[in-house]
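In what follows, a structure is listed as structure tokens, so that the remarks can point back to it.
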Amino acid sequence: MASQTKGFTRVIKAAGYSLKGLKAAWVNEAAFRQEAVAAVIAIIIAFYLDISYIDRILLVSVVVLVAIVELINSAIEAVVDRVGSEFHELSGRAKDIGSAAVFISIGLALFVWGIVLWQRYFVA
């Protein structure tokens, strides 16, 4: 029976796997790179805006959410591509649903940013 990694060693290994996943997404996924750059810019802007800390948390959270959903979508696409390159209705559906999740998360981010900025700068 193989021994299981426990405690702090497990946490360190898990962090290593996570960093490996982020690197793989950065190297292999153009959409992730674009959204990551946009997220960094948006987060910097969020910290320069004269808004409440709750509004700042909202703005940062929604752009981080986009990156999270893109990572999940990229994982789905990688698994589907691994299974086979021939067209299958379920493979196409899985990829389309993953893409829809990214689309909705971007829409949510734009909505939240729009509401926060509108409330702060255009409502008397």
Counting just the residues of segment 86-123 that are farther than 30 Å from Asp55 by Cβ and among the aliphatic types (A, V, I, L, M), which one comes out least open to solvent (accessible area, probe 1.4 Å)? Ala94
Among (1) charged (D, E, K, R); (2) surrounded by fewer than 14 Cβ atoms within 10 Å (Cβ to Cβ); (3) in a helix (DSSP H, G or I), where does Asp50 come up short? (3)
Which pairs turn up if I take residues in segment 5-20 that are in a helix (DSSP H, G or I) and look for partners that are exposed (fewer than 10 other Cβ atoms within 10 Å of the Cβ) with beta carbon separation below 9 Å, at least 6 apart in sequence or on another chain? Arg10/Gln4
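Taking the condition of a type outside the set (Phe, Trp, Tyr), within 25 Å of Val116 (Cβ to Cβ) and free of Cβ contacts under 8 Å to residues at least 40 places away in the same chain, does Ile45 pass? Steps first, please.
On the way: of a type outside the set (Phe, Trp, Tyr): yes; within 25 Å of Val116 (Cβ to Cβ): yes; free of Cβ contacts under 8 Å to residues at least 40 places away in the same chain: yes.
Considered against the rule, which asks whether it is of a type outside the set (Phe, Trp, Tyr), within 25 Å of Val116 (Cβ to Cβ) and free of Cβ contacts under 8 Å to residues at least 40 places away in the same chain, Ile45 comes out as yes.
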Scan (1) under 16 Å from the mean Cα position of the chain (by Cα); (2) free of Cβ contacts under 8 Å to residues at least 40 places away in the same chain for the single condition Val80 breaks and write down its number. (1)
Selection count, segment 36-77, where residues are modelled with pLDDT of 95 or more, under 22 Å from Ser99 (Cα atoms) and of a type outside the set (A, V, I, L, M): 4
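Suppose we filter segment 1-32 for residues that are of a type in the set (A, V, I, L, M, F, W, C), under 28 Å from Val102 (Cα atoms) and either over 15 Å from the mean Cα position of the chain (by Cα) or open to solvent by 80 Å² or more (accessible area, probe 1.4 Å) (or both); how many remain? I'd like the intermediate steps shown before the answer.
Pass one, segment 1-32, residues of a type in the set (A, V, I, L, M, F, W, C): 1-2, 8, 11-12, 14-15, 19, 22, 24-27, 30-32.
Filter again for under 28 Å from Val102 (Cα atoms), leaving 14-15, 19, 22, 24-27, 30-32.
Retained after the next criterion (residues that are either over 15 Å from the mean Cα position of the chain (by Cα) or open to solvent by 80 Å² or more (accessible area, probe 1.4 Å) (or both)): 14-15, 19, 26-27.
Total satisfying the criteria: 5.
Of the residues Val69, Val83, Val63, only one is open to solvent by 90 Å² or more (accessible area, probe 1.4 Å) and in contact with a helix residue (DSSP H, G or I) (Cβ under 8 Å, 6 or more places away or on another chain); which? Can you show your working first?
On the way: Val69 fails: open to solvent by 90 Å² or more (accessible area, probe 1.4 Å); Val63 fails: open to solvent by 90 Å² or more (accessible area, probe 1.4 Å).
Result: Val83 is the single residue among Val69, Val83, Val63 that is open to solvent by 90 Å² or more (accessible area, probe 1.4 Å) and in contact with a helix residue (DSSP H, G or I) (Cβ under 8 Å, 6 or more places away or on another chain).
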When (1) modelled with pLDDT under 95; (2) of a type in the set (D, E, K, R); (3) part of a helix (DSSP H, G or I) are applied to Glu86, the one that fails is (3)
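The values are calculated or read from the model by the stated rules, or taken from the named source; none is laboratory data. Since we're looking at a predicted model, the values are computed, not measured. Ideal geometry is used to build each Cβ from the backbone, glycine not excepted, and the neighbour counts take in all protein chains shown. Each accessible area value is taken on the protein alone, full model and side chains, heavy atoms only, with ligands, DNA and RNA left out. Shrake-Rupley method; radii C 1.70, N 1.55, O 1.52, S 1.80 Å.
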